[in-house]
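Below is one structure, written out as structure tokens; comments come after it.
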Amino acid sequence: MRFDKLKKQLGLLILLSDGRNYTVDELCERMELSRRNFYYLLDFIKHAGFIVFKHEGFYHIDRRSPFFTQLLQAIQFTDNDVRTIHSLLTMAGDNSMMVNRLRRKIESAYALSVSTHSTVRRQVDSKLKVLRKAMEHKRMVRLVGYSSPHSHTVKDRIVEPFLLLHDDQDVRCYELLSHENKTFKLSRMERVEEVDVPWLHEDQHRQVFTDIFMFCGEDRHRVKLRLGQLSHNLFIEEYPQGEYLVTPDGDDTWLLDIEVCDYRGLGRFVLGLFKDIEIVEGDGFREYMREEIRSLTPGPSPNGEGSGQR
């Protein structure tokens with residue numbers, strides 16, 4: 001019982017510190033607490049030295065509370081440091097998932113732009129709540145007012161959502177009208193409404209795959225390469241997350257067994273080191289390399305010579 005109580009106390013501290021601002025009802029719902037137990041925990045937090053603010057019905061913990069002050073001193077970030085880092089991340093734009101994640105973490109941890117973005121965050125949380133419920137119960141949803149830069153339209157979409165992606169910024173869905181799996185951005189939806197209709201196309205749901213070269217797609221193509229010492233070393237240096245894909249194969253050679261959804265990333269790597277690489281398996285990739293070399297070579301193709309095949 002003592003550990004359950006501590007877990008609730010810590011859980012409430014996390015919610016009150018995440019920079020989103022919650023009402024009592026929202027906190028009680030997320031924590032599965034009665035109002036009486038909520039106020040009991042809140043009183044404990046106040047007596048522990050945390051500064052709790054209530055503004056227009058929303059609660060949050062002031063980051064100037066003694067605990068946070070000591071924590072900030074421990075990690076040695078001044079206000080100017082944090083604001084400079086946040087400014088640089090903001091200038092970097094929204095195209096990088098890692099940049100977006102770091103920016104949100106800093107905003108939450110240091111209460112930056114809380115007042116500006118609290119409404120937007122509540123809207124995102126509302127969309128996520130409907131999507132998670134629909135996925136749990138395998139129900140369709142309506143993406144109301146979805147703005148598509150590809151079709152230059154703003155219209156409703158009836159979809160079957162089945163996977164959240166990119167730190168909950170995107171959702172993977174099967175769209176009924178196009179009969180295709182698509183990735184939709186939460187920021188481009190006005191709101192999400194659950195439709196009281198079960199999934200009808202679960203067997204056609206396809207998760208998007210991101211290969212080691214950061215190309216995305218539903219289809220995967222397996223390729224096996226024999227690497228020499230130079231290409232092996234460069235692959236490990238440039239793509240350390242793919243080290244597990246490489247196994248020794250005799251003296252000074254290694255086998256790279258990899259899946260890609262687009263040949264361009266792997267092809268770029270092989271073209272730069274084609275004398276040190278042999279294509280062992282992957283007819284599709286072998287043909288792709290022939291075409292690439294043919295496009296770079298004036299005159300007739302040398303029948304595959306120099307294509308990385310030995």
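Take the Cβ atoms of E32 and L234, set R0 to 51 Å, and the FRET efficiency comes out at 0.45. Taking each residue as 0.36 nm, the span from I158 to L176 lengthens on full extension beyond its C-alpha to C-alpha distance by 5.9 nm.
What FRET efficiency comes out for Q207 versus D43 if R0 is 51 angstrom and r is the Cβ-Cβ distance? Round to the nearest 0.05. Here the calculated transfer efficiency is 0.65. Separation of region 184-228 from region 242-303 is 26 Å, based on Cα centroids.
A straight Cα-to-Cα reach below 12 Å connects K54 with the aspartates and glutamates D62, residues fewer than 8 places away in its own chain not being considered. Note on K7: lysines with a C-alpha under 21 Å away, same-chain residues under 8 apart excluded, are K46. In plain terms, the chain from V99 to F58 could stretch by 11.9 nm, reckoned as 0.36 nm per residue minus the Cα-Cα distance. Over region 142-285, Cα pairs under 8 Å with separation of 6+ residues give a relative contact order of 20 percent.
For region 264-299, the residues whose backbone nitrogen is under 13 Å from a point 7 Å from the Cα of K224, taken along Cα to Cβ, are 279-283. Using a cutoff of 8 angstrom between alpha carbon atoms and counting only pairs six or more residues apart, the relative contact order for region 187-253 works out to 24 percent.
What does the charge add up to near K138, with Lys and Arg as +1, Asp and Glu as -1, over the other residues with Cβ less than 9 Å from its Cβ? Here the count lands on -2. Full extension of the chain between T183 and R268 yields a length gain of 27.9 nm, computed as 0.36 nm times the residue separation minus the alpha carbon distance. A crude spin-label estimate for the pair D257 and L6, with each label 7 Å from Cα along the Cβ direction, gives 4.5 nm. Computed on protein heavy atoms with a 1.4 Å probe, the accessible areas place K8, K105, K275, K224 in the order K275, K105, K8, K224, largest first.
The values are calculated or read from the model by the stated rules, or taken from the named source; none is laboratory data. Because the structure is predicted, anything quoted here is derived from the model rather than measured. As a convention, Cβ positions derive from the backbone with ideal geometry for all residues, glycine included, and neighbour counts pool all protein chains shown. SASA here: full protein model, heavy atoms, side chains in, ligands and nucleic acids out. Shrake-Rupley method; radii C 1.70, N 1.55, O 1.52, S 1.80 Å.
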